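Please treat every number below as a calculation from the coordinates, not as lab data. Computed from a prediction, not measured in an experiment: that's the story for all the values here. Heads up, the Cβs are rebuilt from the backbone with ideal geometry, glycines too, and the neighbour counts pull from every protein chain shown.
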Amino acid sequence: MKFWRHSKRYVWNLLVSIDQLGNTLLGGDPDETISSRAGKYRHKWYWRGLAAVLDRIDTNHTEKAKECDEGKNAVYAAADPKRSGLDDQPGCQRSDTAAGT
């Protein structure tokens, strides 16, 4: 039974790493999943469709998957920080904005 429990964790970790690789190949932060990025950027037309599909499969999936502390190392966001989509997302303000500095 212990082997099966570890096997499930291994498979889950493998799937998350594939998800993060896909996000990296799309210019995103290597430590962020596509679901998290879709949740942050759902206000943009090209992420809206993916977010809708993911949320239909798992209710509120992109909101639950949103990692507010990730995304700083994205190539896309580094090109223009105002385009990162973090400042205008509820519960996902930048740390300098959230701290009031």
Counting all Cα-Cα pairs in region 18-57, those more than 12 Å apart amount in percent to 53
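If you take every residue apart from residue 13 with its C-beta less than 15 Å away from the C-beta of residue 13, what net charge results, scoring Lys and Arg +1 and Asp and Glu -1?
On the way: positive: 5, 8, 9; negative: 19, 31.
Net charge in that neighbourhood comes out at +1.
Could you calculate the contour length gain from residue 13 to residue 31, that is, 0.36 nm times the residue separation minus the distance between their Cα atoms, to one decimal place in nm?
On the way: separation 18, 0.36 × 18 = 6.48 nm, distance 1.26 nm.
Difference between extended and current length: 5.2 nm.
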